[in-house]
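Visitor: Take a look at the following structure, please.
The values are calculated or read from the model by the stated rules, or taken from the named source; none is laboratory data. Source: prediction; values computed, not measured. As a convention, Cβ positions derive from the backbone with ideal geometry for all residues, glycine included, and neighbour counts pool all protein chains shown.
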Amino acid sequence: MSRYRQRRVRLNSSSPTFDVFPLLSLPLIYYNFMVIAVHGLDPQSVNAWLNGTAFEITMFSGMVWSMTQSDVIVAAAMGLLFIEILKSVGTPMLSLVNHGIAVMTLLIYSVQFMSIPGFTTSAFFLLGLMQLIDVIAGYTITIVATRGLTR
C-alpha cells in the first residue's frame with residue numbers, strides 16, 4: 001500500500017446547466033444574430049462588418065494596435081474553448097450530455113458554413129474548428145478521467 005493517497009481533482013460548478021451548456025454555442029448565437037438579423041445574409045455586408053475595426057489602442061511606442069470584429073469574436077471563442085476543456089474534467093455523466101450537445105453544435109457550424117452565403121468566412125470556419133477541437137478533446141479527456149476512477 002502506498003503511504004500517499006491519490007487525490008482526485010473535481011471541477012464542478014454549482015449549476016448543472018453550466019456544466020451541460022456548450023459555451024462555444026455563444027459565438028454561434030452571436031454570429032447568427034449579426035448575420036441574419038442585422039446584415040440580412042448579405043455576404044458583402046457581413047465581410048465589411050467582420051473586417052471593420054472593433055477598437056484601437058495607442059501603445060507606448062506610438063503605434064496604433066487595432067482589432068477587427070472577427071479578431072474579437074475568435075479571441076473570445078478561444079477563451080470559451082479553454083473553459084470548455086476545463087469543464088470536461090467534471091462529472092462524467094454531465095460531460096457526456098455536454099459532448100452530445102457539442103456534437104450537434106458542430107453539425108450546425110458545418111451546415112451553415114457549407115450552405116449559407118453569409119457564413120462562409122474565415123472567422124466562422126475558425127469558430128467551427130474550435131468546436132471540433134472541443135468535441136475531440138472533450139471525449140478524450142472524459143475517457144481518460146473515467147479510466148482513473150476505475151483503477
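Visitor: Does Gly52 fit the bill of being closer than 25 Å to Ile133 by Cβ and not polar (S, T, N, Q)?
Guide: In short, no.
Visitor: Same structure again: Tell me, which residue of segment 1-20 that is closer than 30 Å to Gly128 by Cβ and exposed (fewer than 15 other Cβ atoms within 10 Å of the Cβ) is modelled with the lowest pLDDT?
Guide: The selected residue is Leu11.
Visitor: How about segment 109-124: which of its residues are surrounded by 15 or more Cβ atoms within 10 Å (Cβ to Cβ) and either in a helix (DSSP H, G or I) or not hydroxyl-bearing (Ser, Thr, Tyr) (or both)?
Guide: Result: Tyr109, Gln112, Phe113, Ile116, Gly118, Phe119, Ala123, Phe124.
Visitor: What is the one condition in (1) surrounded by fewer than 16 Cβ atoms within 10 Å (Cβ to Cβ); (2) in a helix (DSSP H, G or I); (3) more than 12 Å from the chain's Cα centre (by Cα); (4) among the small types (Gly, Ala, Ser) that Gly62 does not satisfy?
Guide: The single condition Gly62 does not satisfy is (2).
Visitor: If you don't mind, there's one more thing I want to ask. So, Gly138, is that one crowded, with 16+ Cβ neighbours inside 10 Å and either of a type in the set (Lys, Arg) or not in a helix (DSSP H, G or I) (or both) or not?
Guide: no
Visitor: Within the set of pairs 6+ apart or on separate chains, which have a first residue in segment 27-56 that is in contact (Cβ under 8 Å) with a residue 24 or more places away in the chain, a second that is in a loop (DSSP other than H, G, I, E, B) and among the hydrophobic types (A, V, I, L, M, F, W, C), and C-beta atoms under 7 Å apart?
Guide: Matching pairs, first to second residue: Val35/Leu41; Leu41/Ile116.
Quick grid of which residues meet (1) in contact with a strand residue (DSSP E or B) (Cβ under 9 Å, 6 or more places away or on another chain); (2) in contact (Cβ under 8 Å) with a residue 12 or more places away in the chain; (3) more than 19 Å from Phe33 (Cβ to Cβ):
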| position | (1), (2), (3) |
| --- | --- |
| Gln69 | yes, yes, no |
| His99 | no, yes, yes |
| Phe119 | no, yes, no |
| Ile133 | no, yes, yes |
| Ile141 | no, yes, yes |
